[in-house]
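To start, the structure under review is shown below, and the notes come after it.
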Amino acid sequence: MQLVILGSGQDAGVPQIGCYCGNCVKSREDKAYQRLGPSIALITSNKKTCYIIDASPDLKVQVDIVNKLMLKELPAKSVPITGIFLTHAHFGHLAGLWSLGKECIDIKGITVHCTHKLNHFLNSQHPFKHMTEQGNIKPTPFEIGVLQEFNGFSISSFEVPHRNEFADTVGYIIHATKTVVYLPDIDDWTEEILTIIEEADIALIDATFYTKAELPRMSNVKHPPMIETMERLKDSTTEIYFTHFNHTNKTLDETSKERKETLEKGFKLAFDGQIIEI
Ligand SMILES: [Zn+2]
Ligand SMILES: [Zn+2]
Ligand SMILES: [Zn+2]
């Protein structure tokens, strides 16, 4: 099956609203530098089933990417998403659900796989509560760590330390021909999670910041910087892709020494529209 990077940006994508830093200016001039909000698609080999992980604020554009990969002739209305898995309740990871509701396509019955705490959030907080009542989304809780079987792949989750203001946070382990970890947000590495990454064939992991110095308010926004992550995983044989880039991350600039150093160390940088056979 195919894993498609629908968005490799941090929650707000690149460019960020009202920002004129080097990366944001460049991304406005050249669309190849743009990064949509964090999301991936899992498309089965027969191209009939597509699940996505996280519903970013850019879901409208990301559905176009999926449609191009799945269908030759588009019907008048088409959202080819069989189901959605959510990692956590931060807005950049679920705001796209809104575009399935009554003000938009008014789709019915999309299953949203999530933890029990996130299920409670979706059933109790506007606008998700309203969307659940209207039948647009169908939150379906799972037990963290329990393997779920789907057509063509199976998936399980693991708990992740992250700012959990509204619910909890998980990463996912996808089992297809290859084993893939998807982990866009984490506050601090734990030995347990590093082992999960090292045991996988492929891992897509948090690349919010390259160094701790790049965001003055970073003490409130914890993410392990890429330089620390690369040091911790330097002996890993897993194929590691960085994703969830903040606009401040210097590896976004193709001419930067940070990008060169990352690639020389054997790590990969995900980009929007990238297809990984799994
Ligand atoms: Zn995020
Ligand atoms: Zn910027
Ligand atoms: Zn988050």
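The values are calculated or read from the model by the stated rules, or taken from the named source; none is laboratory data. Please read these numbers as outputs of a predicted model, since none were measured by experiment. So basically every Cβ, Gly included, is an ideal-geometry build from the backbone, and we count neighbours across all protein chains shown. For the accessible areas, the whole protein counts, side chains as well, though only heavy atoms, and no ligand, DNA or RNA atoms are used. Shrake-Rupley method; radii C 1.70, N 1.55, O 1.52, S 1.80 Å.
Numbers below:
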| quantity | calculated |
| --- | --- |
| Partner lysines for K108 [C-alpha distance under 26 Å; skip if fewer than 8 residues away on the same chain] | K47, K48, K60, K68, K72, K77, K117, K129, K138 |
| Residues with amide H under 5 Å from that of E239, placed H, sequence gap 5 or more | I202, A203 |
| Förster radius 25 Å - calculated FRET efficiency between C104 and E133, Cβ distance, rounded to 0.05 | 0.95 |
| R0 of 25 Å, Cβ-Cβ distance V25-D201: FRET efficiency to nearest 0.05 | 0.10 |
| More than 17 angstrom apart: percent of Cα pairs within the stretch 213-278 | 46 percent |
| Per residue solvent-accessible surface (Å²) - the chain, probe of 1.4 Å | 46 Å² |
| Heavy-atom accessible surface of the chain: percent carbon and sulfur, 1.4 Å | 52 percent |
| Peptides 225-231, 199-205 ordered by average Cβ neighbours within 10 Å, highest first | 199-205, 225-231 |
| Measure of compaction for the chain (Cα Rg per 2.2 N^0.38 Å) | 0.96 |
| Helix-only [θ]222 nm of the chain, DSSP H runs n ≥ 4, -39500 (n - 2.57) each, per residue, nearest 500 | -6000 deg cm²/dmol |
| Overall form of the stretch 103-242 per C-alpha gyration tensor (a/c, 1.5; a/b vs b/c) | oblate |
| Approximate spin-label separation D253-N164, in nm, with each point projected 7 Å along Cα-to-Cβ | 3.8 nm |
| Positive-pole candidate from S256, Y51, I174, dipole of the chain, charges at beta carbon | Y51 |
| Cα-derived Rg over Rh, computed across the stretch 113-175 with Rh taken as Kirkwood radius | 1.01 |
| P(r) weight above 17 Å for the stretch 15-88, C-alpha pairs, percent | 53 percent |
| Separation of the H175 and E261 label points, Cα + 7 Å toward Cβ, nm | 3.9 nm |
